[in-house]
1. Please give, to one decimal in nm, the separation of the simple spin-label points placed at ASP3 and LEU28, each 7 Å out from Cα toward the Cβ.
2. Return the Rg/Rh ratio of the chain with Cα-based radii and a Kirkwood Rh.
3. Residue-wise, which Karplus ³J(HN,Hα) couplings in Hz belong to segment 27-34, taking 6.51 cos²θ - 1.76 cosθ + 1.60, θ = phi - 60°, and x for glycine or proline?
4. Where only protein heavy atoms count, and the probe is 1.4 Å, what is the accessible area per residue for the chain in Å²?
5. Using amide H atoms built in the peptide plane, which far-off residues or other-chain residues are under 5 Å from ILE47 H to H?
6. Could you tell me the relative contact order of the chain? Use alpha-carbon pairs under 8 Å, at least six residues apart, and round to a whole percent.
7. Around ALA73, which amide H atoms from residues at least 5 apart in sequence, or from another chain, sit under 5 Å from its own amide H, with H modelled in the peptide plane?
8. Mind ranking 28-34, 38-44 by how tightly packed they are, going by the mean number of other C-beta atoms within 10 angstrom, highest first?
Amino acid sequence: MRDGRVFQGTAVQIVKGMQDIAFGVERLSLPEYVDWVVANALRVESIALRVHGETNEAKAASLVDEMVREGLATRG
């Protein structure tokens, strides 16, 4: 992540790790959390993440890919 945090694992594990450190999102499902991240990226960073997918795995992978593409995260 841009703040120096490192997440490892599958896309779902990475997104769940992100959710674990976020405030006020503990009751959101994984797809709801992804939508929350997308909304906050637009609101706070003015970055429109184009996330898609029908399954938790696909949606998480899409989020991770978009965050890397937009420079919000890097791959190690």
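The values are calculated or read from the model by the stated rules, or taken from the named source; none is laboratory data. What you see is a predicted model; the values in this text were computed from it and never measured. As a convention, Cβ positions derive from the backbone with ideal geometry for all residues, glycine included, and neighbour counts pool all protein chains shown. The accessibility values were calculated without ligands, DNA or RNA, using every heavy atom of the protein model including side chains. Shrake-Rupley method; radii C 1.70, N 1.55, O 1.52, S 1.80 Å.
1. Label-label distance for ASP3 and LEU28, simple model: 1.4 nm.
2. Radius of gyration over Kirkwood radius for the chain works out to 0.91.
3. Going residue by residue, I get 8, 6, 6, 4, x, 5, 5, 4 Hz, with x marking Gly and Pro.
4. Numbers: 5090 Å² over 76 residues.
On a per-residue basis, 67 Å².
5. LEU42
6. RCO, the chain: 32 percent.
7. Amide H neighbours of ALA73: VAL68.
8. My ranking of the peptides, most packed first, is 28-34, 38-44.
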